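**Student:** Dropping a structure here in structure tokens format, bear with me for questions.
The values are calculated or read from the model by the stated rules, or taken from the named source; none is laboratory data. Just so you know, these numbers come straight off a predicted model, no measurement behind them. Positions of Cβ are generated from backbone atoms using ideal geometry, with glycine treated the same way; all protein chains shown enter the neighbour counts. Ligands, DNA and RNA are stripped out before the accessible areas are found, and what is left, the full protein with its side chains, is counted by its heavy atoms. Shrake-Rupley method; radii C 1.70, N 1.55, O 1.52, S 1.80 Å.
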Amino acid sequence: MRAAIVGCGSIAHVHAESISRLDGVTLAASADIIGERAQEFANRHGGNAYVSLEEMLAKEKPDVLHICTPHYLHEPMILYALKHGVHVFSEKPPVISKQQLDELLSLHTEKYLGFCFQNRYNPSICLVKKLLESNAAGNVIGARGIVTWERDASYYTESTWRGKQATEGGGALINQAIHTMDLLVYLLGTPQSVDAVMHNHHLKEVIEVEDTLEAYIHFPDASALFYATTAYCDNVPPLIELSCENRTIRIEDHAVTYYYRDGRIETPKLPSVEALGKDYWGSGHMSCIADFYQSIRENSRFTLDLAGTQDTIRLMLASYESARTRKEIFIDNVV
């Protein structure tokens, strides 16, 4: 298969490296509105360089397009590629508004659409998912997800789209902590409602969006506390903790710890998987991308398609609506 990438920023290098490790897949081209960056990317990873998505698709006719552009471009580029007969694998977030979600849901296509929620493939998450499905830990009583990262003013001022509501769609939640929110959904099920607040604590004169969002999320059988900020002094591993009937499960990036009710503590050994990007991005990119291509080859469902990520998308949109209106939002209303 022939692959192409649009958007040649940091995360695109992870996609290109993953593609290079797949049998039978070649990176044919890459595109970026900054011509020099596209050419440097092509020199490093191979293929032809373009400054236009439309020209690249017309000339190269790839089988798969990887979308690694700013948030506001994800959905229109998804629609364009699918309508031109190309499978799409897109970075998060899938959308930045309910209108964009509605547009994706209304599209009928036989082409594959997948999203990069790579942390579901982390060995730690795979282990805990199987444990919960086996019911060995008992029912989940409550949970918490915590993300404390650092994004200073230069992170936003070096970009023309970050920190702006119209182009980023939000701040700490939609850009950084959406993966932790997705894992809570993956482990706890379809969310029912959310009550959220958001603040801009440390970059009031720099960005329009939040640097901190806190939420109380109701799931079918438990509630979760969620806290995300980019106002910390460092990028530390996100923490997910599940309080279950028989033990508490704590996930910190690549490590899992069991705290039993009788006081015992156990740290199961996990397989080591290479992280292709920054450590705090997780180690699941290669597995996630490989799974997408395997699904295309086998004509089988890719689980991180639109249907498989809708619960996360709606919870994210509902969290922002709740924070803006200062009301609890029921997820069924975000349809």
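**Student:** Which value, in Å to one decimal place, does the Kirkwood hydrodynamic radius take for segment 169-271 when every pair of different Cα atoms is included?
**Tutor:** After inverting the pairwise mean of 1/r, the radius is 15.3 Å.
**Student:** Considering Cα pairs under 8 angstrom that are at least six residues apart, work out the relative contact order of segment 159-227 and quote it in whole percent.
**Tutor:** Relative contact order of segment 159-227: 32 percent.
**Student:** Can you work out the accessible area per residue across the chain, with the rest of the protein chains kept in place, probe 1.4 Å, in square angstrom?
**Tutor:** 44
**Student:** Now, a different point. Could you tell me what fraction of 2.2 N^0.38 Å the Cα radius of gyration of the chain comes to, as a two-decimal ratio?
**Tutor:** 0.99
**Student:** I would also like to ask the following. Which FRET efficiency value, to the nearest 0.05, do you get for SER97 and GLU36 by plugging their Cβ-Cβ distance into 1/(1 + (r/R0)^6) with R0 = 35 Å?
**Tutor:** That gives a FRET efficiency of 0.65.
**Student:** Indicate the helices, whole DSSP H runs only, in the chain that combine a mean Kyte-Doolittle hydropathy of -1.0 or more with a Cα extent along their long axis of 18 angstrom or more.
**Tutor:** In the chain, the long hydrophobic H runs are 71-83, 285-298, 306-325.
**Student:** If you don't mind, another one. Quick one: work out the % antiparallel among DSSP beta bridges in the chain, nearest 5.
**Tutor:** Percentage antiparallel, nearest 5: 60.
**Student:** Follow-up question, since we're still on this one. Okay, helix-only estimate at 222 nm for the chain: each DSSP H run of n ≥ 4 adds -39500 (n - 2.57), divide by all residues, round to 500 deg cm²/dmol; what do you get?
**Tutor:** -10500 deg cm²/dmol
**Student:** What distance in nm lies between label points placed 7 Å from Cα along the C-beta direction at SER272 and HIS108?
**Tutor:** 5.2
**Student:** Compute the Cα gyration tensor for segment 195-331, then decide on rounded, prolate or oblate, letting a ≥ b ≥ c be the square roots of its eigenvalues: rounded whenever a/c is under 1.5, prolate when a/b is larger than b/c in the other cases, and oblate in all that remain.
**Tutor:** It comes out rounded by the Cα gyration axes.
**Student:** Starting from the 7 Å offset along Cα-to-Cβ, what nm value, one decimal, do you get for the label separation of ASP305 and CYS233?
**Tutor:** Placing both labels 7 Å beyond Cα along the Cβ direction yields 4.8 nm.
**Student:** Could you check which residue among GLY163, GLY24, GLY46 shows the biggest mean-square fluctuation in a GNM of the chain with a 10 Å Cα cutoff?
**Tutor:** Among GLY163, GLY24, GLY46, the largest GNM mean-square fluctuation belongs to GLY24.
**Student:** Ignoring any ligand, DNA or RNA, what whole percent of the accessible area of segment 151-226 comes from carbon and sulfur when the probe is 1.4 angstrom?
**Tutor:** 51
**Student:** OK, next. Taking R0 as 22 Å, what FRET efficiency do you get between LEU225 and GLU321 from their Cβ-Cβ distance, rounded to the nearest 0.05?
**Tutor:** Using R0 = 22 Å, I get an efficiency of 0.70.
**Student:** Then there is this: For ARG2 and ASP262, what is the calculated FRET efficiency with R₀ set at 45 Å and r taken between the beta-carbons, to the nearest 0.05?
**Tutor:** Efficiency computed from Cβ-Cβ geometry: 0.20.
**Student:** Still on this structure, please answer the following. Simple spin-label model, 7 Å along Cα-to-Cβ: HIS199 to LYS61 in nm?
**Tutor:** 5.7
**Student:** Continuing with this model, one more query. What net charge do the residues around CYS233 carry, taking every other residue with its C-beta under 14 Å from that of CYS233, with Lys and Arg at +1 and Asp and Glu at -1?
**Tutor:** -3
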